[in-house]
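Let me begin by presenting the structure, written as structure tokens, before commenting on it.
The values are calculated or read from the model by the stated rules, or taken from the named source; none is laboratory data. Every value quoted in this text rests on a predicted model; they were computed, and no experiment measured them. Cβ placement follows ideal geometry from the backbone for every residue including glycine, while neighbour counts extend to all protein chains displayed. Accessible surface areas use protein heavy atoms only, side chains included; no ligands, DNA or RNA. Shrake-Rupley method; radii C 1.70, N 1.55, O 1.52, S 1.80 Å.
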Amino acid sequence: MKIGVLALQGDVAEHLQALIAVGVDAYPVKTAAEIVGIDAMVIPGGESTTIAKLARSFDLFDLIQGRIRSGMPVYGSCAGMILLADEVTDAAKGQETFGGLAVTVRRNAFGRQVDSFETDLHFQGISDGAIKAIFIRAPWVEQIGPEVSVLAEVAAFGHNHAVAVRQGNLLATSFHPEISGDNRVHRYFVEEVCRDLVSGK
Ligand code: GLN
């Protein structure tokens, strides 16, 4: 199985390192030919508006959107979560997403006070202890469709907010496991999300 990390902008190297540590064949992708050749994709953290604009200008946007719609497993962290969401609150003017994930996410949801923070989370499907989650100007998930499962939540401003979700071939986290040195979310993506589809389950 070949996993491409979308390499237009963002923390590509950190995702590659985490995937390679999990034992998969992972490499950066930024051309149509490279994207056609992969079995699964990671969309990194970074800046969702920049990644979408670059995907448009390099003529990759429709290709990526088409592959997501046809069932390619994709994991998006932070900006990657925003790019997978069908709807975005507090989006930049004209901001586009690839979509596919039936959620509404709020960009920069945690606001100035807690712009960036770190916390331990329970992640459904990962049983061997809490996940160290690093949030950097992160979104949260505000609304979910019936086909979406919430895998992790965090309490902020008096409420619990979904910060990890899965819908079939799509996995998204508000936080950045790729910079925590804990590879279990990447392992979950490879072993649970990708395996289901590769084996045709
Ligand atoms: N706030 C950024 C955005 O809207 C995401 C931040 C991140 O990926 N760390 O794209």
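Region 17-87 holds helices (runs of 4 or more DSSP H) entirely within its bounds, and those carrying 3 or more residues that are of a type outside the set (Lys, Arg) and within 16 Å of the ligand (Cβ to nearest atom) map to 48-57, 79-84.
Across region 131-140, the number of residues qualifying as of a type in the set (A, V, I, L, M) and in contact (Cβ under 8 Å) with a residue 60 or more places away in the chain comes to 2. Looking only at residues in region 129-160 that are among the charged types (D, E, K, R) and not in a strand (DSSP E or B), the one that is most open to solvent (accessible area, probe 1.4 Å) is ARG137. Quick one: in region 88-111, of everything that is of a type in the set (Lys, Arg) and either under 14 Å from the mean Cα position of the chain (by Cα) or in a strand (DSSP E or B) (or both), which residue is farthest from the ligand (Cβ to nearest atom)? Top of the filtered list is ARG106. If you filter region 164-182 down to residues that are in a strand (DSSP E or B) and not polar (S, T, N, Q), you find that the one that is most open to solvent (accessible area, probe 1.4 Å) is ARG166. Just one of the listed residues (ARG106, ARG187) is crowded, with 17+ Cβ neighbours inside 10 Å, within 23 Å of GLU14 (Cα to Cα) and not hydroxyl-bearing (Ser, Thr, Tyr), and it is ARG187.
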